[in-house]
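See structure below.
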Amino acid sequence: MVDSRFISTIEPTEKKDTRSGFGAGLLAIGQQDDRVVGLCADLTGSLKMNAFADAFPDRFFQVGIAEANMMGLAAGMTIGGKIPYTGTFANFSTGRVYDQIRQSIAYSEKNVKICASHAGLTLGEDGATHQILEDIGMMAMLPNMTVICTADYHQTKQATEAIAAHHGPVYLRFGRPAVPMFLKHDAPFAIGKAQNLMSGDDLTFVATGHLVWEAVQAALALRDRGIHADVYNYHTIKPFDEQALLDSVKRTGRVVVAEEHQKAGGLGSIVARVLSAHHPAHMEHVAVDDQFGESGTPAQLMEKYGLNAAAIIAASERVLAKRG
């Protein structure tokens, strides 16, 4: 059964990129709180930060292609009571500046919001050097860091506004391609609380980011075959909602995790750790298997690397075939 508190439609006609949700959310929270400032590393248009920059030119800082410097500036601004939102591609928001984030932001628990677009394979044609599939693991391992990965435009806007009220460093991950707008703009959203989008007793889907819609699609297809999945949107990966996972798996006994990330270190690793400690269960994992990406359209790459509804259905069949 679809939960109408969260899902607006299972047949969305409109698509929009999640980075635009970030841009809309940044403008909205900037209008509400004058402590919010924006910093960008020469990608204002790509990050959809234009509206904020135009509305608040004295609160927007274009630092150029100097991502490490941007993180240091953001950390320093928090000392004066500002709430800085940094913006660049996910690869440059993490891999290029990991030392600055660890030393200047996470270690001292600075109130910096690290906002990362073009995450995962769906950056597309720019290829492996710009794609990143390790960032969730890198950021989740940092003490004090909150990690959020949103599913559609509306949820990205919600999260962008919500993190301003959360004290401490946040990694907000979103993407480039237009994806279906299927979640309600006013759906209940709380940092650290997973959303149960569909209910079922046969297996549990744990998905994040672009793979949430694919998980919903897979669940609808399986429902036609008499198989009912409990579908969870884990928009917050850290802190992880252990209770939601355990409550579901104690009923279903089987789990499929789906994420646009390496198999190692991401959502699947966290799910496996929680299950092994509290409730061992059969698990399958839809993710990139220890490979770099390549150039191609987002749809081509998701198909080649097995990050879609068809792959989730195949994983479901494997996990349902397991005994004991």
Notebook entry, point to check: Separation of the stretch 283-324 and the stretch 185-254 by C-alpha centroid, Å?
Noted result: 17 Å
Notebook entry, point to check: So what's the angle, to the nearest 10 degrees on a 0 to 90 scale, between helix 153-162 and the longest Cα principal axis of the chain?
Noted result: 60 degrees
Notebook entry, point to check: Per the helix-only calculation at 222 nm, which mean residue ellipticity applies to the chain, given -39500 (n - 2.57) for every DSSP H run of n ≥ 4 and division by its residues, nearest 500 deg cm²/dmol?
Noted result: -10000 deg cm²/dmol
Checklist line | Low-density loop positions, trypsin sites (Lys or Arg not before Pro), the stretch 225-324 - DSSP coil, at most 11 other Cβ in 10 Å | finding: 225, 323
Next item on the list: Calculate the radius of gyration of the Cα atoms of the stretch 71-228 to one decimal place, then report Dmax, the largest Cα-Cα distance, as a whole number, both in Å.
Entry: 16.9, 58
Check: Pick from 151, 90, 310: which is most flexible by mean-square fluctuation in a GNM of the chain where alpha carbon atoms under 10 Å apart are linked?
Finding: 310
Margin query: Take the residue pairs 16/263; 82/113; 16/304; 15/157 and return only those whose Cα atoms are more than 19 Å apart.
Written below: 16/263; 16/304
Notebook entry, point to check: Put +1 on the Cβ of each Lys and Arg and -1 on the Cβ of each Asp and Glu in the chain; which of 159, 309, 298 then has its Cα farthest toward the positive end of the dipole?
Noted result: 159
Item checked: Fewest-first ranking of 40, 115, 149, using other Cβ atoms within 10 Å as the exposure measure -> 40, 115, 149
Next item on the list: Return, for the Cα atoms of the chain, the radius of gyration and Dmax in Å, separated by a comma.
Entry: 18.8, 62
Next item on the list: Take peptides 56-62, 170-176 and line them up by average Cβ neighbours within 10 Å, highest first, as a rough protection proxy.
Entry: 170-176, 56-62
Next item on the list: Arrange 185, 235 by Cβ neighbour counts within 10 Å, fewest through most, would you?
Entry: 185, 235
Next item on the list: At most 14 other Cβ atoms within 10 Å and a DSSP loop assignment: could you name the GluC sites (Glu not before Pro) in the stretch 108-210 that fit?
Entry: 109, 125
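Bear in mind these aren't lab numbers, they're just calculated from the coordinates by the rules spelled out. Since the structure is predicted, the reported quantities are computational estimates derived from the model, not experimental observations. All Cβ positions, even for glycine, are placed from backbone atoms using ideal geometry, and neighbour counts span all protein chains on display.
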